[in-house]
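K.L.:
What follows is a single structure, and I will ask about it in a moment.
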Amino acid sequence: MKKIIILFLLFCTYSLYSQSESLTLLEADKLISAKKYESAFKVLDEFDKTNSIPDIVMAKLDILLNYFVFSVNHRNFSLKDLDANENILDIRGKEGIYSVHNFPADTIINNLLKKYPNNCKLYNSLGTYYYEMFQYFNEKPPIEVHTLHGLIISNYKKVIDGKCDNFMTHYAIGFIYAIRSNYRESIPYLKKSIELNNKFPNSLYNLAFIYTILKDNTNALKYAELAFEQYNDNKLKSDAARLIGNLQMSNKDTVSALKYYEKANELLPNNYFNIKPLITLYAKNNASKFTEYSKKFYELEPTNPTIYNDLVAIYKDNNKIEVLIDFLKSQLNNPKNNNLINANLNFYLGTASLNVNKKKAKEYYLKAKEIFNLVYKPDHDVFKSIEEGIKKSEN
């Protein structure tokens, strides 16, 4: 009888504890819904100060990754309770007084995994932690990039082995394989992501991009069109439209290519990568738009040599170099020009004139040299290019 009483008491204690854990998680969820992120974290942290309960730890990490105001290497996080009309992205990175929570999630979760080695949800949280670290600190993450890639892949593969995966598990692995140029390894994971959720356009777009690299235009076009249909963000939808345009150009379907380049430009006007292919196509079939978009392209950044180099190449390929010379000459009279713009205009007038009027080309180069001397030091590379241009004009 005594043993039965002891077992009953143990069962009651465990039941009450589980109920308390559930109530704590429920309370935190309500606070999150009300945008009280700091308060939600504190509720969880008070219940499990030692980070020893898997579900509480994972809930803490979710709050920190999704709602931080500041992050220092994804080890120390600042949180804030927001007003109903505030959005976390509007205040992220802005100055203020915030409490700081030290939460080295990888150390905490790896310690838990020693006790719960078969808890695939813990591996999922760890994989997500590393993936979010890579996304947020893209240029210089706290962990060496190649090592971080490996940690994302290895932890998410354990999630799959434990059968608690979802479409993001597979997408993240496929995405990391893709950026490491392991394209064929990436494909099955992206396809599985699409199988689990065919309304996530990033999987579709990345798969289209991979097939483009592998020169499988049929599959690339299929997935690019699906991504274009699903994207709502103008920039991303524009990227998908431009990819379709590029693929149609490869298929020599210039009519369809132009249609999608124009859609890309409508969605994201004044974009270098959208206007450049439009100029190339308008050069062959629409003189007025060719002139209009050449000017738009030039006005994107008239101090950037890339713009001029592209214009020279496009006009030369279409036997319109004299038209370009007239256009560049017309820009010399713009009162808004600074010295760098005028120097570039003269330099590229010299380049464009080499096959038309060498004497005039030399005059433009000399004028460019005079103005560049007001902008750059004598050891700048542009002066070598000018001297090379002058030699060509004298031959």
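K.L.:
State whether the residues of the stretch 311-329 include one that is over 20 Å from K392 (Cα atoms), of a type in the set (S, T, N, Q), buried (at least 18 other Cβ atoms within 10 Å of the Cβ) and within 37 Å of the chain's Cα centre (by Cα).
P.N.:
no
K.L.:
Also: Can you pull out every residue in the stretch 44-71 that is crowded, with 19+ Cβ neighbours inside 10 Å, in a helix (DSSP H, G or I) and of a type outside the set (K, R)?
P.N.:
Of everything in the stretch 44-71, those that are crowded, with 19+ Cβ neighbours inside 10 Å, in a helix (DSSP H, G or I) and of a type outside the set (K, R) turn out to be L44, I56, V57, M58, A59, L61, I63, L64, L65, Y67.
K.L.:
On to the next question. So how many residues does the stretch 24-43 have that are surrounded by 17 or more Cβ atoms within 10 Å (Cβ to Cβ) and outside any helix (DSSP H, G or I)?
P.N.:
Total meeting the criteria: 2.
K.L.:
Additional query: Which one of these is within 18 Å of A220 (Cα to Cα) and modelled with pLDDT of 95 or more: F175, F134?
P.N.:
Of F175, F134, the one residue that is within 18 Å of A220 (Cα to Cα) and modelled with pLDDT of 95 or more is F175.
K.L.:
Residues in the stretch 165-190 that are touching a helix residue (DSSP H, G or I) at 6+ places or on another chain (Cβ under 8 Å), among the charged types (D, E, K, R) and either loosely packed, with under 15 Cβ neighbours inside 10 Å or assigned to a loop (DSSP other than H, G, I, E, B) (or both): how many?
P.N.:
Qualifying residue count for the region: 2.
K.L.:
How do the pairs read when you match residues in the stretch 34-54 that are farther than 12 Å from H101 by Cβ and free of Cβ contacts under 8 Å to residues at least 40 places away in the same chain with residues anywhere that are aromatic (F, W, Y) and in a helix (DSSP H, G or I), using Cβ under 8 Å and keeping only pairs 6 or more apart or on different chains?
P.N.:
That search, which allows pairs on different chains as well, returns I53/F47.
K.L.:
Something else about it: Quick one: how many residues across the stretch 320-347 are part of a helix (DSSP H, G or I) and out of contact with any helix residue (DSSP H, G or I) (no Cβ under 7 Å at 6 or more places or on another chain)?
P.N.:
Of the residues in that region, 5 qualify.
K.L.:
Let me ask you something else. From the list I314, I307, which residue is within 20 Å of L345 (Cα to Cα), in contact with a Ser or Thr (Cβ under 9 Å, 6 or more places away or on another chain) and at pLDDT 95 or above?
P.N.:
Every option except I314 fails the conditions.
K.L.:
Does the stretch 203-255 hold any residues that are assigned to a loop (DSSP other than H, G, I, E, B), without any contact (Cβ under 8 Å) to a residue 12 or more places away in the chain and over 20 Å from the mean Cα position of the chain (by Cα), and which are they?
P.N.:
Residues satisfying the conditions are K215, D216, K252, D253.
K.L.:
Also: For the stretch 92-145, enumerate the residues that are part of a helix (DSSP H, G or I), closer than 24 Å to K80 by Cα and without any contact (Cβ under 8 Å) to a residue 12 or more places away in the chain.
P.N.:
Listed by number, the list holds a single entry, Q135.
The values are calculated or read from the model by the stated rules, or taken from the named source; none is laboratory data. Note that the structure is predicted; figures quoted are calculated from it, not measured. Note that we place each Cβ from the backbone using ideal geometry, even for glycine, and neighbour counts take in every protein chain shown.
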